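The values are calculated or read from the model by the stated rules, or taken from the named source; none is laboratory data. This one's a predicted model, so the numbers in the text were calculated from it and none came from an experiment. Here the Cβ positions follow ideal geometry from the backbone for every residue, glycine too, while neighbour counts run over all protein chains shown.
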Amino acid sequence: MSEDIDTPSPLRVVGLRKTFGDVAAVSGVSFDIAKGERLALLGESGCGKTTLLRMIAGFERPDAGRILVDGQDITDLPPYERPVNMMFQSYALFPHMTVARNVGFGLVQEGVARAEIERRVEEALELVQMADLGRRRPDQLSGGQRQRVALARAIIKRPKLLLLDEPMAALDRKLRERTRLELVELQRRLGIAFVIVTHDQDEAMSMATSVAVMNRGGIAQFGAPAAVYERPTSRFVAEFFGGANILEGEASGRLVRCRALGIDIVTREKIDTGDGKPVGVAIRTERTLLSSEKPGDVENSAPGEVRAVSYLGERSICHVEMAPGLTMRAAIDTRHGKPPPRHGDKVWLAWAARDAIVLHD
C-alpha cells in the first residue's frame, strides 16, 4: 500500500473515510493496485468493504480522502462520469428487456450509434459465452446466465476498473467454482483491474492476486493471498483468513512459554519484543499433526483428548481438548480409508517450529 500519488495506477485510494452517525464505516483506508490486478476486499459483515466499494463507484461520498483511477482524481465525480463500472450482487437486470437490450442499455443512454451498439453487444455476449441467448429475457435464464448478462453489461462500456459486489453469492457451489475460473480468464483477456467484495475466503484465495482483509472499517492486512495466509500479522487475520489454532504465552527468545499446555513452544523466528511480553502463536489447522503416540521428530507436541470429529470428505477436522477450556483443531487426510480417531481417544498434537507464527496483536 502506498500514499504516493505521482505514479498512475488503475486504482489508488488515499486516506478514505466514511461515517454514518457515530459509526466509522471506513476509517483512513489507503492502498493501490497494479495494472491487471484482481483485488479482493474480504471481511465479515459490517467491516466496511461494501461501503468502500460504493465510494469507489461513486454511490457514497467520502468524508475525507481521495480516489484516483489511472492518476485521475475521481473523488468528486458522479458515478456516470467515472471510468468505473459496477456489477451488483442482485444483477439489477431489466425484466422487460431482452438480454441484448440489457447489455446495450448503457450505450443507448450515452447516445452511441445503433450499429456500434449492436457490434459491441455481440462482442460482449461472445466474451461471456452468451452469444446465442441475446433474444431471451432474464426470466428465461438460469442464475449463472443472469450473472453473465450482468457482467457483459458491466464490461461493454470498457471501464478502466470493474467493481464486483459478492458476484457469486446467488450461485450454487458447483456453479460458483466454475464461474470463478471463467471470471479470472475473462479478466486476463480484458486486462481490466477488478475489485471484488466477498466474505468467502475460498473465493478470495482462488480469484484474487491481492487481498485486503478488513476489520472495523480499516485494512487489517494487505498482500498476496499466500503471503497473508502464511504470515498473518494479527490474531484477527490468523483466525479469520483460513482459520488457525491460537495459543497464548510469554515471549522468551525463540520460545513462547505456554502455561495452558505446560510447554515452551519453539517458533520459526526470534521474538524481538522482549522477554516476558504476552504474544499469541498461530498454527494452521492443516499444519497441526495428529498421532496416537508422542512424535519424536517435531519441535512441538502436547497430549490431548478427541472431543469431536467433523467429516468433510477428503479430510476430517478433529477437535482435541488440550486443557480445560482449550481446544485445538487438526486436519487429517481421509482419502485412503484410514478411520479417523473417535471421541475420547487419547492423542498427541504436534507442529513444526516453522509453522508456529508469532502474533503481536
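Could you go through the range 241-263 and let me know if any residue there is closer than 23 Å to MET55 by Cα and among the hydrophobic types (A, V, I, L, M, F, W, C). Spell out how you get there, then give the answer.
Of all residues in the range 241-263, those closer than 23 Å to MET55 by Cα come to none.
Taking every residue of the range 241-263 in turn, none turns out to be closer than 23 Å to MET55 by Cα and among the hydrophobic types (A, V, I, L, M, F, W, C).
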query = Can you find a residue in the range 282-304 that is more than 29 Å from ALA226 (Cβ to Cβ), assigned to a strand (DSSP E or B), without any contact (Cβ under 8 Å) to a residue 40 or more places away in the chain and not assigned by TED's automatic domain parsing to the domain that holds ALA226?
reply = no
ask   = Of the conditions (1) closer than 30 Å to PRO341 by Cα; (2) in contact (Cβ under 8 Å) with a residue 24 or more places away in the chain, ARG259 fails just one. Which one is it?
value = (2)
inquiry  = Quick check on the range 144-151. Is at least one of its residues assigned to a helix (DSSP H, G or I), polar (S, T, N, Q) and in contact with a strand residue (DSSP E or B) (Cβ under 9 Å, 6 or more places away or on another chain)?
reply    = yes
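Kindly indicate whether any position in the range 32-40 is assigned to a strand (DSSP E or B) and small (Gly, Ala, Ser).
If we filter the range 32-40 for residues that are assigned to a strand (DSSP E or B), which is where we start, we get 32-33, 38-40.
If we keep only those that are small (Gly, Ala, Ser) as well, we get 40.
Yes, the conditions are met somewhere in the range 32-40.
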ask   = From the residues in the range 11-65 that are more than 21 Å from GLY223 (Cα to Cα) and of a type in the set (A, V, I, L, M), which one is surrounded by the fewest Cβ atoms within 10 Å (Cβ to Cβ)?
value = VAL23
note = Within the range 209-221, residues being part of a strand (DSSP E or B), touching a strand residue (DSSP E or B) at 6+ places or on another chain (Cβ under 7 Å) and surrounded by fewer than 20 Cβ atoms within 10 Å (Cβ to Cβ) number 1
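Among the listed residues ARG180, ARG158, ARG173, ARG153, identify the single one that is closer than 23 Å to MET97 by Cβ, free of Cβ contacts under 8 Å to residues at least 40 places away in the same chain and either among the basic types (Lys, Arg) or buried (at least 20 other Cβ atoms within 10 Å of the Cβ) (or both). So that I can check it myself, show each step before the final result.
Details: ARG180 fails: closer than 23 Å to MET97 by Cβ; ARG173 fails: closer than 23 Å to MET97 by Cβ; ARG153 fails: free of Cβ contacts under 8 Å to residues at least 40 places away in the same chain.
None of the other options fit; the residue is ARG158.
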query = What number of residues in the range 73-121 are surrounded by 14 or more Cβ atoms within 10 Å (Cβ to Cβ) and free of Cβ contacts under 8 Å to residues at least 12 places away in the same chain?
reply = 2
task = Out of ASP272, ASP264, ASP333, ASP355, report the one residue that is of a type outside the set (A, V, I, L, M), under 26 Å from PRO232 (Cβ atoms) and surrounded by 19 or more Cβ atoms within 10 Å (Cβ to Cβ).
result = ASP355
task = Mind listing just one residue for me: the one in the range 318-330 that is free of Cβ contacts under 8 Å to residues at least 60 places away in the same chain and buried (at least 18 other Cβ atoms within 10 Å of the Cβ) and, of those, nearest to ARG231 (Cα to Cα)?
result = ALA330
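Which is of a type in the set (D, E, K, R) and under 22 Å from GLY134 (Cβ atoms), of GLU182, GLU177, GLU166? Reasoning before the result, please.
Values: GLU177 fails: under 22 Å from GLY134 (Cβ atoms); GLU166 fails: under 22 Å from GLY134 (Cβ atoms).
Only one candidate passes the filter, namely GLU182.
Considering each of THR75, THR19 in turn, give the residue that is in a strand (DSSP E or B) and in the same structural domain as GLN201 (by TED's automatic domain parsing).
Working: THR75 fails: in a strand (DSSP E or B).
Criteria check complete, one pass: THR19.
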ask   = For the subset of the range 196-208 comprising residues that are out of contact with any helix residue (DSSP H, G or I) (no Cβ under 6 Å at 6 or more places or on another chain) and not small (Gly, Ala, Ser), which member is surrounded by the fewest Cβ atoms within 10 Å (Cβ to Cβ)?
value = ASP202
query = Only one of these conditions is not met by SER316: (1) small (Gly, Ala, Ser); (2) in a strand (DSSP E or B); (3) on the phi > 0 side of the Ramachandran plot. Which number is it?
reply = (3)
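Determine if the range 194-209 includes at least one residue that is at pLDDT 90 or above, under 30 Å from PHE20 (Cβ atoms) and of a type outside the set (A, V, I, L, M).
Residues of the range 194-209 that are at pLDDT 90 or above, as a first pass: 194-197, 208-209.
Imposing the further condition that a residue be under 30 Å from PHE20 (Cβ atoms) reduces the set to 194-197, 208.
Pick out the ones that are also of a type outside the set (A, V, I, L, M) and you get 194.
Scanning the range 194-209, I find at least one residue that is at pLDDT 90 or above, under 30 Å from PHE20 (Cβ atoms) and of a type outside the set (A, V, I, L, M), so the answer is yes.
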inquiry  = If I go through the range 238-257 residue by residue, how many of them are of a type in the set (A, V, I, L, M, F, W, C) and surrounded by fewer than 21 Cβ atoms within 10 Å (Cβ to Cβ)?
reply    = 2
